[in-house]
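**Q** I'd like to ask some things about the structure below.
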Amino acid sequence: MNRTEFIPMVDLQKEIDLLKAPLLKEMKSVLKSGEYVLGKKGEELENQIAEYTGTAYAIGVANGTDALYLSLKALNIGPGDEVITTPFTFFATAEAIAQTGAVPVFADIKEQTYTIDPEKIKEAMTPKTKAVIVVHLFGKAADMEDIMSLAEKYNIKVIEDACQAMGTEIGGRKAGGIADIGCFSFFPSKNLGAFGDGGMIVTNDHTLYDKVRELRNHGSQRKYHHSSIGINSRLDELQAAVLLVKLKYLDLFLHKRKEIAKRYTEQLNRYVKTPAPGEKEGRTYHQYCIESGRRDELASYLKKSGIASAVYYPVPLHLQQAFDYLGYQKGSFPVSERIADRILALPIFPELSIEKQNNIISSAIHFFEHGAD
């Protein structure tokens, strides 16, 4: 099929065009204030994110990876400790564990949801297990009720990696606000994205709140007085200003993502494995992923048709060279490995027009009904 305009995975320019006036107003106010780091905009955003997620506290940080690392450090995770997480996620989840000196321990995922399997968490636990990082992958909530029950029984901490799940609801509560501590990324393509890197940590624990605030600012609560070894990880005022504007539209944009996902599923579920409905647990479709044994052929055909696609993630973490030292082998986590060979993400963003949705759907159907010719 001929295409006059390439369809990308995400088109951030359309969002900027839509929100240009309020964005410029907020950004100009920051420039006029001369306050660029740890200022009023950042505090306002922290308050609004805390309210949105239903938590007592929120702390702005430089990015989602730092959010994970600082959360682990605030929980006193370090050398000699083990932290269980999924091998089917972005590298940063396990990277943050390793950066503390602790050992990443992987547990396989559930076939239908791609989120960590609570039964596999239990199997992976040892006396050295101090925490679990749960990933709400692609905006799909993990089984938090079962995981929190397990954590309470064995006295381990839980961190929610909600970097892809801002706005996801779990039993009437928001992702990030259920466990001991929750982490968000504001990378530009996320559900709530900045104009660069940014992150947020949320918690209901005042002690953790104080500790993260200290750690993100060189271990300092008071200027030039340092009570611990921290890092420089602060969300700047310009990014906070951008996020304050976008937060007002977040629920509307999430609704649009769900509408697009519904159309994809209704039209494509005869040809590929589409996301499970997820009535019990929430889903905000940060990515819309299908599965096919002809994944690579389909991706090639879509590209020739002017349509982007992406593989999240082609190599599970236990097979990454950086984690060779952990001693895992191919076959260690068969569900993750099987899905990595079959998964493909289709374009999804709130401004994706009906016409372009139809182009994507019809191109995929054409491939399965008529081949790549």
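**Q** Looking at Tyr271 and the list (1) over 23 Å from the mean Cα position of the chain (by Cα); (2) without any contact (Cβ under 8 Å) to a residue 60 or more places away in the chain; (3) open to solvent by 50 Å² or more (accessible area, probe 1.4 Å), which single condition is not satisfied?
**A** Unmet for Tyr271, out of (1) over 23 Å from the mean Cα position of the chain (by Cα); (2) without any contact (Cβ under 8 Å) to a residue 60 or more places away in the chain; (3) open to solvent by 50 Å² or more (accessible area, probe 1.4 Å): (2).
**Q** Additional query: Could you check, for the range 252-267, whether at least one of its residues is in contact with a Ser or Thr (Cβ under 9 Å, 6 or more places away or on another chain) and either more than 21 Å from Tyr285 (Cα to Cα) or in a loop (DSSP other than H, G, I, E, B) (or both)?
**A** Looking through the range 252-267, none of the residues is in contact with a Ser or Thr (Cβ under 9 Å, 6 or more places away or on another chain) and either more than 21 Å from Tyr285 (Cα to Cα) or in a loop (DSSP other than H, G, I, E, B) (or both).
Residues checked against (1) open to solvent by less than 10 Å² (accessible area, probe 1.4 Å); (2) acidic (Asp, Glu); (3) more than 30 Å from Ala322 (Cα to Cα); (4) without any contact (Cβ under 8 Å) to a residue 60 or more places away in the chain:
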site: Glu35; (1), (2), (3), (4): no, yes, yes, no
site: Ile49; (1), (2), (3), (4): yes, no, yes, no
site: Gly54; (1), (2), (3), (4): no, no, yes, no
site: Lys73; (1), (2), (3), (4): no, no, no, no
site: Glu82; (1), (2), (3), (4): no, yes, no, yes
site: Pro104; (1), (2), (3), (4): yes, no, no, no
site: Glu111; (1), (2), (3), (4): no, yes, no, no
site: Ala124; (1), (2), (3), (4): no, no, no, yes
site: Ile133; (1), (2), (3), (4): yes, no, no, no
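**Q** All but one of (1) under 30 Å from Ile361 (Cβ atoms); (2) surrounded by 14 or more Cβ atoms within 10 Å (Cβ to Cβ); (3) not small (Gly, Ala, Ser) hold for Asp17; state the number of the condition that does not hold.
**A** (2)
**Q** Oh, and also: Would you mind stating whether Tyr249 is surrounded by fewer than 19 Cβ atoms within 10 Å (Cβ to Cβ), touching a residue at least 40 places away in the same chain (Cβ under 8 Å) and farther than 25 Å from Ile361 by Cβ? Working first, answer last.
**A** Numbers: surrounded by fewer than 19 Cβ atoms within 10 Å (Cβ to Cβ): yes; touching a residue at least 40 places away in the same chain (Cβ under 8 Å): yes; farther than 25 Å from Ile361 by Cβ: yes.
So Tyr249 passes the test.
**Q** Another question about this same structure. Just to be sure I understand, how many residues within the range 140-167 are over 17 Å from Ile201 (Cβ atoms) and within 19 Å of the chain's Cα centre (by Cα)?
**A** Residues in the range 140-167 being over 17 Å from Ile201 (Cβ atoms) and within 19 Å of the chain's Cα centre (by Cα): 6 in total.
**Q** Would you mind finding the one in Asp161, Asp210 that is open to solvent by 20 Å² or more (accessible area, probe 1.4 Å) and either at pLDDT 95 or above or over 26 Å from Met125 (Cα atoms) (or both)?
**A** Within the list Asp161, Asp210, the selection yields Asp210.
**Q** Given the conditions (1) surrounded by fewer than 16 Cβ atoms within 10 Å (Cβ to Cβ); (2) over 26 Å from Gly139 (Cα atoms); (3) in contact with a helix residue (DSSP H, G or I) (Cβ under 8 Å, 6 or more places away or on another chain), report the number of the one that Ser220 does not fulfil.
**A** Single failed check for Ser220: (1).
**Q** Can you pull out every residue in the range 2-12 that is surrounded by 13 or more Cβ atoms within 10 Å (Cβ to Cβ) and either of a type in the set (Val, Ile, Thr) or assigned to a loop (DSSP other than H, G, I, E, B) (or both)?
**A** Once the filter is applied, which keeps residues that are surrounded by 13 or more Cβ atoms within 10 Å (Cβ to Cβ) and either of a type in the set (Val, Ile, Thr) or assigned to a loop (DSSP other than H, G, I, E, B) (or both), the range 2-12 yields Arg3, Ile7, Pro8, Met9, Val10, Asp11.
**Q** Mind checking whether some residue in the range 172-179 is within 11 Å of the chain's Cα centre (by Cα) and either of a type in the set (Val, Ile, Thr) or surrounded by 22 or more Cβ atoms within 10 Å (Cβ to Cβ) (or both)?
**A** Yes, because at least one residue in the range 172-179 is within 11 Å of the chain's Cα centre (by Cα) and either of a type in the set (Val, Ile, Thr) or surrounded by 22 or more Cβ atoms within 10 Å (Cβ to Cβ) (or both).
Here is a yes/no grid of residues against (1) at positive phi; (2) modelled with pLDDT under 95; (3) within 18 Å of the chain's Cα centre (by Cα):
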| residue | (1), (2), (3) |
| --- | --- |
| Asn76 | yes, no, no |
| Gln99 | no, no, no |
| Pro104 | no, no, no |
| Lys128 | no, no, no |
| Ala131 | no, no, no |
| Val135 | no, no, yes |
| Phe138 | yes, no, yes |
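The values are calculated or read from the model by the stated rules, or taken from the named source; none is laboratory data. As the structure is a prediction and not an experimental result, all values here were calculated from the model. Here the Cβ is made from the backbone with ideal geometry for all residues, glycine too, and neighbour counts use every protein chain on show. Heavy atoms of the whole protein, side chains included, go into the accessibility calculation; ligands, DNA and RNA do not. Shrake-Rupley method; radii C 1.70, N 1.55, O 1.52, S 1.80 Å.
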